[in-house]
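Novice: Got a structure for you, written out below as structure tokens; questions coming shortly.
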Amino acid sequence: MLNEKVAIITGGSRGIGRAIVHKFASLGAEIALIYGGNVKAAEEVSKDCQEKYGVKIKTYCCDVSDFEQTKETVTQIKSDFGGVHILVNNAGITRDGLVARMREEDFDQVLNTNLKGAFHMIRHCTGLFLRSREGCIINISSVSGLIGNAGQSNYAASKAGLIGLTKSVAKELAPRGIRCNAIAPGFIRTDMTQTQEGNPLLSIIPLGRMGVPEDVAQAAAYLATAGYVTGEVLRVDGGIAM
């Protein structure tokens, strides 16, 4: 259970992030939901969780690729909630294309959001974790960061970078009681993966189906409560990368 815990979840208004918000709220956590621009979706998630689970939840519009915006947002969350115990770095974008024709801005935007955004949030939350000698960081990586995916060199690079970030942060912060793990989802049925329906990799998933956001949310709930697990990359991929 996550009673009396405060969780920041980025990209929490849809897809995997939305499922994690619901899962954590169902376990009693208070939620700081960060979203990138869809205020209607964020407010719907917030209202739904308050009505179903009776937990405190507030929404914050923030571009995680912006260092100062994330700093200001974390400061506001501290003021609103008094502290933070869990950080889930889920915000992510895709700008798919073959590397031979990929624009530099498409490469940069994906890394700035998916990888640098996670760094920004970790950087600004670490002080709160250190003061309480408690913290749990969960980075949502991808199976693409483990095995690559044609047409996604920028996305795969950002997600592979998240794994390196996870392991380094885990080693740095473990002596202070702060854990850092990653989840590597495979093909999960969300708005972002609609373009992957014809991907030939789908035919080689051992479990024979795409996953759903709730599969990832269940893994996040485990990592949020697994007090002796750190530096781990937990695949939620139907076996595609084993």
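The values are calculated or read from the model by the stated rules, or taken from the named source; none is laboratory data. Just so we're clear, the structure is a prediction, and the values are computed from it rather than from any experiment. For neighbour counting, all protein chains shown are included, and Cβ atoms are generated from backbone atoms with ideal geometry for every residue, glycine included. What goes into the accessible areas is simple: the full protein's heavy atoms, side chains included, and nothing from ligands, DNA or RNA. Shrake-Rupley method; radii C 1.70, N 1.55, O 1.52, S 1.80 Å.
Novice: Taking the range 217-240 as the region of interest, how many residues are over 23 Å from E134 (Cα atoms) and buried (at least 17 other Cβ atoms within 10 Å of the Cβ)?
Specialist: Looking only at that region, the number is 5.
Novice: Now, a different point. Quick check, is T70 surrounded by 16 or more Cβ atoms within 10 Å (Cβ to Cβ) and polar (S, T, N, Q)? Step through it out loud before you land on a result.
Specialist: Working: surrounded by 16 or more Cβ atoms within 10 Å (Cβ to Cβ): yes; polar (S, T, N, Q): yes.
Yes; evaluated as a whole, the condition is true for this residue.
Novice: Let me ask something additional. Determine which single condition R131 fails, assuming it passes every other condition in (1) at pLDDT 95 or above; (2) open to solvent by 20 Å² or more (accessible area, probe 1.4 Å); (3) out of contact with any Lys or Arg (no Cβ under 6 Å at 6 or more places or on another chain); (4) not small (G, A, S).
Specialist: The failed condition is (1).
Novice: In the range 15-62, which residue that is in a loop (DSSP other than H, G, I, E, B) and under 27 Å from Q109 (Cα atoms) is least open to solvent (accessible area, probe 1.4 Å)?
Specialist: In the first step, residues of the range 15-62 are kept if they are in a loop (DSSP other than H, G, I, E, B); the result is 27-29, 36-38, 54-56, 62.
Then drop every residue that is not under 27 Å from Q109 (Cα atoms), which leaves 36-38, 62.
Numbers: G36: 69, G37: 56, N38: 85, C62: 5 Å².
Step by step, filter the range 15-62, then rank; the result is C62.
Novice: State whether the residues of the range 34-53 include one that is touching a residue at least 12 places away in the same chain (Cβ under 8 Å), closer than 22 Å to S132 by Cα and among the aliphatic types (A, V, I, L, M).
Specialist: no
Novice: Identify all residues within the range 75-110 that are part of a helix (DSSP H, G or I) and either buried (at least 20 other Cβ atoms within 10 Å of the Cβ) or of a type in the set (S, T, N, Q) (or both); write none if there are none.
Specialist: T75, Q76, I77, S79, Q109, V110
Novice: Output the number of the condition that M121 fails; it satisfies all remaining conditions of (1) open to solvent by 10 Å² or more (accessible area, probe 1.4 Å); (2) modelled with pLDDT of 95 or more.
Specialist: (1)
Novice: Next question, about the same structure. Among the numbered conditions (1) touching a Cys at 6+ places or on another chain (Cβ under 9 Å); (2) in contact (Cβ under 8 Å) with a residue 24 or more places away in the chain; (3) in a helix (DSSP H, G or I), tell me where E72 comes up short.
Specialist: Of the numbered conditions (1) touching a Cys at 6+ places or on another chain (Cβ under 9 Å); (2) in contact (Cβ under 8 Å) with a residue 24 or more places away in the chain; (3) in a helix (DSSP H, G or I), the odd one out for E72 is (2).
Novice: If we keep just the residues of the range 165-206 that are β-branched (V, I, T) and within 16 Å of G239 (Cβ to Cβ), which is modelled with the lowest pLDDT?
Specialist: Here the answer is I204.
Novice: Can you find a residue that is at positive phi, touching a Gly at 6+ places or on another chain (Cβ under 8 Å) and buried (at least 16 other Cβ atoms within 10 Å of the Cβ) anywhere in the range 2-13?
Specialist: Within the range 2-13, one or more residues are at positive phi, touching a Gly at 6+ places or on another chain (Cβ under 8 Å) and buried (at least 16 other Cβ atoms within 10 Å of the Cβ).
Novice: Taking interchain pairs and intrachain pairs at least six residues apart, which have beta carbon atoms under 6 angstrom, with the first residue in the range 95-121 and closer than 13 Å to T10 by Cα and the second outside any loop (DSSP other than H, G, I, E, B) and among the aromatic types (F, W, Y)?
Specialist: That search, which allows pairs on different chains as well, returns H120/F67.
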